[in-house]
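Working notes, structure below.
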Amino acid sequence: VDADGTRVFALDARAGSTEFAPGVASESWGFNGTYLGPTLVADRGEHVRVDVTNSLDEPTTVHWHGMHLPAAMDGGPHQMVAPDASWSPEWTIDQPAATLWYHPHPHGETEAHVAKGLAGMFVLHDEAERALGLPGEYGVDDVPVIVQDAGFSADGAREDPQRGYAGGLGDEVLVNGTRGPYLDATTELVRLRLLNASTARTYAFTWGDARPIELIATDGGLLEASVALDHVRLSPGERAEVLLRLAPGERVVLQSRMTAEIAGLESVVASMNGGADAFDVLEVRAAEELQPAASAPTELASIDDFDPAEVVTTRRFELGDSFEINGEAMDMGRIDETVTVNTLERWIVENTNAVPHSFHVHDVQFRIASIDGEAPPAELAGWKDTIFTEPETTYELLMRFDDYADPSTPYMYHCHLLWHEDQGMMGQFAVV
Ligand code: C2O
Ligand code: CU
Ligand code: CU
């Protein structure tokens, strides 16, 4: 924290190498290190600044995924940082406690930059969340779980998987850049912050012993109440916070067991999208003696519903063929939508494809008002900034564009399957 109270972070994007297998170095990129980046942590109300330096030999950007902030600070494709240059966006955190993240966003190169290792978590806290007494000791009972798939050659060198329709699907899963990961737990109650930072793969997280998975938060913050599920589905870019209650000495494996049904797909299409793959993701090993933990509250947050009567503008977005939205590919020089600041909007997103896409909107957290006309299930009823859209399905989203108007700098909306985004499945909106 500097003299005038600004919380200052430094991120340096670098090329390097990482031994994913002992003794075998693979080229990788990282922030401040050789793979991934530090977890940034801030409080609601704080003013933050991130001093970003680009030590790569090509331009990149850093985007704050899920953050409400001015367009010029957003780190999208218009805020490129040249090699050896730096960029220092600053803004005031004004949104609920949540698990957000950061990653590059250079148009046409996002998949490559993220796959090489440029990504990290951005955790926000607030008073209401602290008062709940949820596990909150970073790295002890509050643990980042950044999930990515990757390909490896027989000798253990990382190699880019071949692309299918969804993009590159690796046949191994890393957590926080680690193969065969485990977590030594020392407390009865553990909070895992799951981030799908994969470029293309969608996961269905579940516990190996079939106990329910207790979901407490989605992309933009805590749910109103925790919900017990048999799986948590996360497409690229989505986050979930889950709680795990442990008995002394037990071992529990976080798995991903995707099925066509969970993906909402025909089985043929599902297999093309990794829809039948199963993985052990993370083994949790409980110590013989565990720090006791009170039971977690079931009431978590109060979320005010948007009033649909206040909607000022309704827009439609068709996720169609050829990686286009509304029949057009991304054009950096074209602003697709112009939004009026401090108004409520309804965005109707229809996936007319036979394959899934994800849909992400910058600057806002939205609520899903309906899916094919029905109310969303509990796990999709909270704050979201990215959703998995099933084929032939229509999603009605409500969102407010508050505080920041800038006619000259657009924000993005796009498919978060990063290869699709790079191919142009993205559009731009300005808030005026
Ligand atoms: Cu996670 Cu436009 O990005
Ligand atoms: Cu984003
Ligand atoms: Cu897509």
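Anything in the stretch 170-199 that is small (G, A, S) and touching a strand residue (DSSP E or B) at 6+ places or on another chain (Cβ under 6 Å)? List them, or say none. Please lay out each step first, then the result.
To start, the set of residues in the stretch 170-199 that are small (G, A, S) comprises 170, 177, 180, 185, 197-198.
Once the filter is applied, which keeps residues that are small (G, A, S) and touching a strand residue (DSSP E or B) at 6+ places or on another chain (Cβ under 6 Å), the stretch 170-199 yields G170, G177, A185, A197, S198.
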All conditions in (1) among the acidic types (D, E); (2) at positive phi; (3) exposed (fewer than 15 other Cβ atoms within 10 Å of the Cβ) are true of E299 except (2)
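Test D219 against the stated conditions and say whether it is surrounded by fewer than 20 Cβ atoms within 10 Å (Cβ to Cβ) and outside the structural domain of T389 (by TED's automatic domain parsing). Can you show your working first?
Working: surrounded by fewer than 20 Cβ atoms within 10 Å (Cβ to Cβ): no; outside the structural domain of T389 (by TED's automatic domain parsing): yes.
Against the criterion (surrounded by fewer than 20 Cβ atoms within 10 Å (Cβ to Cβ) and outside the structural domain of T389 (by TED's automatic domain parsing)), D219 does not qualify.
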Pairs please, first residue from the stretch 420-431 and in the same structural domain as N353 (by TED's automatic domain parsing) and at positive phi, second anywhere and more than 13 Å from ligand 3 (Cβ to nearest atom) and part of a loop (DSSP other than H, G, I, E, B), Cβ atoms under 9 Å, 6+ apart in sequence or on different chains. G424/H107; G424/G108; G424/D331
Number of positions in the stretch 326-339 that are part of a loop (DSSP other than H, G, I, E, B) and out of contact with any Pro (no Cβ under 7 Å at 6 or more places or on another chain): 8
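Scan the strands (runs of 3 or more DSSP E) fully inside the stretch 340-419 and keep the ones with 3 or more residues being in contact (Cβ under 8 Å) with a residue 12 or more places away in the chain and more than 15 Å from ligand 1 (Cβ to nearest atom). Walk me through how you get there before you give the answer.
Values: elements: 343-351, 357-361, 367-371, 386-389, 393-401, 411-414.
Those strands (runs of 3 or more DSSP E) span 343-351, 367-371, 393-401.
For the stretch 125-162, name all the residues that are over 22 Å from L417 (Cα atoms) and part of a strand (DSSP E or B). Write out each step before concluding.
Kept after step one, since they are over 22 Å from L417 (Cα atoms), are these residues of the stretch 125-162: 125-143, 153-157.
Residues satisfying the conditions are H125, Y138, D142, V143.
Limited to the stretch 394-416, what total is found for residues that are away from ligand 2 (no atom under 16 Å from the Cβ) and more than 15 Å from I325 (Cα to Cα)? Quick ask: steps written out before the conclusion?
Pass one, the stretch 394-416, residues away from ligand 2 (no atom under 16 Å from the Cβ): 394-396, 398, 400, 402-403, 405-408.
Filter again for more than 15 Å from I325 (Cα to Cα), leaving 396, 398, 400, 402-403, 405-408.
Count: 9.
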Cβ-Cβ below 7 Å, separation at least six or inter-chain, first residue in the stretch 271-291 and at pLDDT 90 or above, second assigned to a loop (DSSP other than H, G, I, E, B) and of a type in the set (G, A, S): which pairs? A286/A247; A286/G249; E288/G249
Members of the stretch 124-134 found to be aliphatic (A, V, I, L, M) and more than 16 Å from ligand 2 (Cβ to nearest atom), listed by number: A128, A131, L132, L134
Test: residue in the stretch 16-23 that is among the charged types (D, E, K, R) and over 20 Å from V364 (Cβ atoms): yes
Just to check your reading of the model, which residue among A301, A247 is at pLDDT 95 or above, in contact with a helix residue (DSSP H, G or I) (Cβ under 8 Å, 6 or more places away or on another chain) and under 25 Å from A225 (Cα atoms)? A301
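Could you tell me how many of the residues in the stretch 167-226 are of a type in the set (A, V, I, L, M) and in a loop (DSSP other than H, G, I, E, B)? Steps first, answer last, please.
Narrowing the stretch 167-226 to residues of a type in the set (A, V, I, L, M): 169, 173-175, 183, 185, 189-190, 192, 194-195, 197, 200, 204, 210, 213, 215-217, 222-223, 225.
Filter once more, keeping what is in a loop (DSSP other than H, G, I, E, B): 169, 197, 200, 210.
Qualifying residue count, the stretch 167-226: 4.
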Out of (1) in contact with a Ser or Thr (Cβ under 9 Å, 6 or more places away or on another chain); (2) in contact (Cβ under 8 Å) with a residue 60 or more places away in the chain; (3) assigned to a strand (DSSP E or B), the odd one out for V41 is which? (1)
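Which of the residues belonging to the stretch 58-80 are closer than 14 Å to L118 by Cα and away from ligand 2 (no atom under 12 Å from the Cβ)? Give the derivation first.
First pass over the stretch 58-80, keeping only residues closer than 14 Å to L118 by Cα: 58-65, 75.
Result: E58, P59, T60.
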Residues to consider are D372, D305, D280; find the one that is surrounded by fewer than 21 Cβ atoms within 10 Å (Cβ to Cβ) and under 24 Å from H420 (Cβ atoms). D372
Can you pull out the strands (runs of 3 or more DSSP E) entirely within the stretch 54-115 that have at least 1 residues that are at negative phi and away from ligand 1 (no atom under 12 Å from the Cβ)? 90-92, 98-103
The one condition F323 fails out of (1) farther than 22 Å from R201 by Cβ; (2) within 16 Å of ligand 1 (Cβ to nearest atom); (3) not polar (S, T, N, Q); (4) not in a strand (DSSP E or B) is (1)
Output for Cβ contacts, cut-off 7 Å, separation at least six or different chains, first residue assigned by TED's automatic domain parsing to the domain that holds M412 and closer than 28 Å to A354 by Cβ in the stretch 320-339, second within 15 Å of ligand 3 (Cβ to nearest atom) and among the hydroxyl-bearing types (S, T, Y), reads G320/T352
Restrict the check to the stretch 158-181 and report whether at least one residue is in contact with a Lys or Arg (Cβ under 9 Å, 6 or more places away or on another chain) and either exposed (fewer than 15 other Cβ atoms within 10 Å of the Cβ) or under 30 Å from R400 (Cβ atoms) (or both). no
Count - residues of the stretch 92-112 that are more than 14 Å from ligand 2 (Cβ to nearest atom) and either more than 14 Å from A42 (Cα to Cα) or assigned by TED's automatic domain parsing to the domain that holds Y203 (or both): 4
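In this structure, does N351 turn out to be within 16 Å of ligand 3 (Cβ to nearest atom), modelled with pLDDT of 95 or more and polar (S, T, N, Q)? Explain how you work it out, then say what you get.
Values: within 16 Å of ligand 3 (Cβ to nearest atom): yes; modelled with pLDDT of 95 or more: yes; polar (S, T, N, Q): yes.
Spelling it out, N351 is indeed within 16 Å of ligand 3 (Cβ to nearest atom), modelled with pLDDT of 95 or more and polar (S, T, N, Q).
P212: free of Cβ contacts under 8 Å to residues at least 24 places away in the same chain, in contact with a strand residue (DSSP E or B) (Cβ under 7 Å, 6 or more places away or on another chain) and closer than 22 Å to V143 by Cβ, yes or no? Break it down stepwise before answering.
Details: free of Cβ contacts under 8 Å to residues at least 24 places away in the same chain: yes; in contact with a strand residue (DSSP E or B) (Cβ under 7 Å, 6 or more places away or on another chain): yes; closer than 22 Å to V143 by Cβ: yes.
The answer is yes for P212.
The values are calculated or read from the model by the stated rules, or taken from the named source; none is laboratory data. None of these values were measured; they are calculated from a predicted model. So basically every Cβ, Gly included, is an ideal-geometry build from the backbone, and we count neighbours across all protein chains shown.
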